[in-house]
1. Once amide H atoms are placed 1.01 Å from N in the peptide plane, what residues at a sequence separation of 5 or more from VAL53, or on another chain, have their amide H within under 5 Å of its amide H?
2. Using only the alpha carbons of the stretch 95-186, determine the length spanned along each of the three principal axes and report them from longest to shortest in whole angstroms.
3. What nm value, rounded to one decimal, do you get for the distance between GLU139 and ASP120 when each label is placed 7 Å out toward the C-beta?
4. Once fully extended, how much extra length lies between SER203 and GLU181, figured as 0.36 nm per residue of separation less the alpha-carbon to alpha-carbon distance?
5. Grab the beta carbon distance between GLU90 and ALA13, set R0 = 22 Å, and tell me the FRET efficiency rounded to 0.05.
6. Charges on Cβ only, +1 for Lys and Arg, -1 for Asp and Glu, centred on the Cα centroid of the chain; of LEU43, SER67, CYS115, which one is farthest towards the dipole's positive end?
7. Counting other C-beta atoms within 10 Å, which of SER214, SER66, SER45 has the fewest, and how do the rest follow?
8. How would the stretch 38-143 be classified by its alpha-carbon gyration tensor: rounded, prolate or oblate, with rounded meaning a/c under 1.5 and the a/b versus b/c comparison settling the rest?
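No value in this document is a laboratory result; all are computed from the given coordinates. In this text, all values refer to a predicted model and were calculated from it rather than measured experimentally. Because the Cβ atoms are built from the backbone with ideal geometry, glycine has one as well, and the counts that use them run over all protein chains shown.
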Amino acid sequence: MFIINFKNYEEIAGTNSIRLAKAASKIAKKHKTRIVVCPPLHLISEVAKLPVVVFSQHVDNAKIGSSTGFAVPELLKTSNVGGSLVNHSEHRISYQEIEEIIFRLRNLKMVSVLCVRDVDEATAYAKLGPDFIAIEPPELIGSGKAVSQEKPEIITDSVKAVKEAGNATRLLCGAGIISGEDVRKALDLGADGILVASGIVKSKDWEKAIEEFSLAFKNAGKI
């Protein structure tokens, strides 16, 4: 799993989100890599029309109907959105909300990617059985310093914590990933994929950056 979180960066404003999603789709097809894109919510329906897997950056545990301003999972699914990030470090929610949202996404057959800050959170939340846990130490997000290089023990300890939960949850690595080598190291440490944002979005050549990361998956035997 190779997830690109567009966030709300200026670089993907307007039609640029479509351009980035098309680049991801092209490389995914070329290298047979499972690439997921997470565009801003106001652009998600347009991006979801493309031949690319789309997840939401956030989802709310709000009802269908009179719930103005919330991202409702059932409606996202009708727009061909296949899953969502949950509890990103920039959009934290309560334990109860996390538990209810994971259950709701599971019932909708949508993929949950639960973001955590440290090994303790990985241990606690793995028991809820999300599809993926993404470990992202907040101090490394957007830093250009990859957790796989700076704090590799966080990945290995989180991999162990997820396995000990005894369910199908798998671990993704995020925070500071800017090169194929960062990706390869994360995969070698036991991660099943990556969650990346600025390492792709802020690169000068989107296709080149996405291809570099995709080749790291191939070289690590994760395709």
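1. Excluding prolines and chain starts, which carry no amide H, the hits are VAL37.
2. For the stretch 95-186, the Cα extents along the three principal axes come out at 36, 23, 21 Å.
3. 1.4
4. Length difference between fully extended and current span is 6.4 nm.
5. Efficiency for this residue pair is about 0.80.
6. Of the listed residues, the answer is LEU43.
7. SER66, SER45, SER214
8. Values: a/c = 1.76, a/b = 1.38, b/c = 1.27.
The shape class here is prolate.
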